[in-house]
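Structure first, then comments.
Nothing in this text is a laboratory measurement; each read-out follows from the coordinates by a stated rule. Here the structure is a predicted model, which means the values were calculated and not measured. Positions of Cβ are backbone-derived with ideal geometry, glycine not excepted, and every protein chain shown enters the neighbour counts.
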Amino acid sequence: MKNWAGNLEYSSADVQRPTSVDQLRGLVANAPRIKALGSRHSFNKVADTDGMHVLLDALPQEISLDAGKGTVKVSGGISYGALCRAVEEQGYAIHNLASLPHISVAGAIQTGTHGSGVGNPSLAGAVVSIDLVRANGELVTLTSDDDEFLASVVGIGALGIVTGLELAVRPSYQMRQRVLTGLPWERALADFANIASAAYSVSFFTDYTGGSIPQVWFKALDSEPALPELFGATAATAALHPLPGMSAENCTGQLDEPGKWLDRLPHFRHEFTPSNGEELQSEFLLPLEHAPAALQAVRELADKLAPLLFISEIRTVAADEFWLSPFYEQQSVALHFTWKPLQAEVEAVLPELEEALRPFGARPHWGKLFTPSLYDFAALYPRFEDFCSLAITNDPSGKFRNGLLDSILGAKTSLLGH
């Protein structure tokens, strides 16, 4: 099997599709190495294993809304597209969405995937409880009353296999999307926080060359006023794709046309579900106050980056309390890089980009391309050592581990006592 982008072939010796949680528990208890695969939208080996892969799509699939509690119970393998349609049919919504709707709920949350908005936490911010199968086969449910809950929600697959989640919902809402073109870099750097706060969700699209940012997408609640100003940019008069020259047919509605939240928060329509993407991705998250300086540092590398880039997206994310969340205790700016499928060339330039962002405390997205050896994770994550200790306690033989997790958490925690 390969991942969504086709840049990675998985190493597993066996693939199983359990049809019940009890069957999954037995597989986990008896396997020396095991990992779950979701939508395979990771670009590195965070979900790889040299043992058994389990696919969760044959488990009973649940989307159960509890209007009284204001939550929805969802199976981990469900896609966000399916979840959104189900809750919208009952008049409800979730607070934020990623760019693509086909990613799985459990996989996205485990790796810290997010949408945008200075007041909007990542997708993990909606989690009220989490069900996971531990290394010994035990099924546990953790809530915010459990200290381990804060470790397990963004757990990068190191603490168990997620079978279900309970997410907070809110009443359905309408949104409008407006795109501006040609935002001057000088204005963007001088007034970044205000521009990023001008709507519920804001995304900047650029390759860091030239004197302006080609596109800025503003996703506003229908109840919000129109943009206070254009910030020196120009309002688009036709729908646009983030990539220049590409048809906007598969993009969500623009031009200030009102629509339901699930048809505006993602960049791409729910009925558009790509089977694979010929691209690579990296992303780095750092404190929002460092955004202007960090963006200027990236611009200084534009001549090296632009030939390898399809596009870069800049977003903001609210702080949370999950131990390994890239947004742990910091309101963040996210610098996302969608690379052309040139793995060797991208891996050659990545360390230089990462070194340029190091002074700003950049944290890498766990499911995308980065260079683990360049990071002092214990310095970046105040609860990192606590997480490592919990991983030893819950998985002493390292059955959920792989080479990438060893490079992040330390190989010493992968086989306790060896």
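Against the longest principal axis of the chain, how steep is helix 384-394, in degrees 0 to 90 to the nearest 10, with axes from Cα atoms?
Once rounded, the angle reads 30 degrees.
For the stretch 233-290 and the stretch 134-149, what is the separation of their Cα centres, given in Å?
Cα centroid to Cα centroid, the span is 36 Å.
Kindly identify the stretch 171-255 as rounded, prolate or oblate by the Cα gyration tensor criterion: order the square roots of the eigenvalues as a ≥ b ≥ c, call it rounded if a/c is under 1.5, otherwise compare a/b with b/c, prolate if a/b is larger, else oblate.
Numbers: a/c = 2.08, a/b = 1.17, b/c = 1.78.
Oblate, because a/c is 1.5 or more while a/b does not exceed b/c.
What does the extension gain come out to for Ser64 and Asp406, with contour length at 0.36 nm per residue minus their alpha carbon separation?
Using 0.36 nm per residue and subtracting the Cα-Cα distance, I get 119.5 nm.
Rounded, prolate or oblate, given the Cα gyration tensor of the stretch 175-369, with a/c below 1.5 counting as rounded?
On the way: a/c = 1.41, a/b = 1.28, b/c = 1.10.
Judged from the Cα gyration tensor, the stretch 175-369 comes out rounded (a/c under 1.5).
Could you work out the helix-only [θ] at 222 nm for the chain, with each DSSP H run of four or more residues adding -39,500 (n - 2.57) and the total divided by the number of residues, to the nearest 500 deg cm²/dmol?
-6000 deg cm²/dmol
Going by amide H atoms built from the backbone, whose H comes under 5 Å of the H on Ile311, apart from near neighbours?
The answer is Thr338.
With θ taken as phi - 60° and the coefficients 6.51, -1.76 and 1.60, list the Karplus ³J(HN,Hα) couplings across the stretch 161-167 in order, rounded to whole Hz; mark glycine and proline as x.
Listing the rounded values in order: 9, 7, 9, x, 9, 10, 10 Hz.
Angle check, please: helix 343-357 long axis (alpha carbons) against the longest principal axis of the chain (alpha carbons), in degrees 0 to 90, nearest 10.
Its long axis makes an angle of about 80 degrees.
Is the C-alpha gyration tensor of the stretch 209-298 telling us rounded, prolate or oblate? Criteria: a/c under 1.5 is rounded; beyond that, a/b larger than b/c is prolate, otherwise oblate.
Details: a/c = 1.57, a/b = 1.13, b/c = 1.39.
Since a/c reaches 1.5 but b/c is at least a/b, the shape of the stretch 209-298 is classed as oblate.
Please check the chain for the longest run free of GluC sites (Glu not before Pro) that are loop-located per DSSP (anything but H, G, I, E, B) and have at most 15 other Cβ atoms within 10 Å.
Values: sites that count: Glu62, Glu138, Glu229, Glu249, Glu271, Glu278, Glu300, Glu329.
Excluding the exposed sites themselves, the longest stretch runs over 139-228.
Stokes-Einstein at 4 °C, 1.567 mPa s, Kirkwood radius from Cα pairs: D for the chain in µm² s⁻¹? Display every interim value, and only then the final one.
Working: Rh = 21.7 Å.
My calculation gives 60 µm²/s for D.
Compute the helix-to-body angle for 80-89: its Cα long axis versus the longest principal axis of the chain, expressed 0 to 90° and rounded to tens.
80
Express as a percent, rounded to the nearest 5, the fraction of DSSP beta bridges in the chain (both residues included) that run antiparallel. Please list the in-between numbers first.
Details: 64 of 72 bridges.
Percent antiparallel among DSSP bridges in the chain is about 90.
Hey, which of these cross-link pairs are over 18 Å Cα-Cα: Lys73/Lys219; Lys368/Lys399; Lys2/Lys368; Lys45/Lys73; Lys2/Lys45; Lys219/Lys260? List each step's numbers first, then the result.
Working: Lys73/Lys219 27 Å; Lys368/Lys399 22 Å; Lys2/Lys368 15 Å; Lys45/Lys73 29 Å; Lys2/Lys45 11 Å; Lys219/Lys260 11 Å.
Over 18 Å Cα-Cα: Lys73/Lys219; Lys368/Lys399; Lys45/Lys73.
Between Thr143, Thr237, Thr209, find the one with the highest GNM mean-square fluctuation for the chain; connect C-alpha pairs within less than 10 Å.
Ranking Thr143, Thr237, Thr209 by mean-square fluctuation puts Thr237 first.
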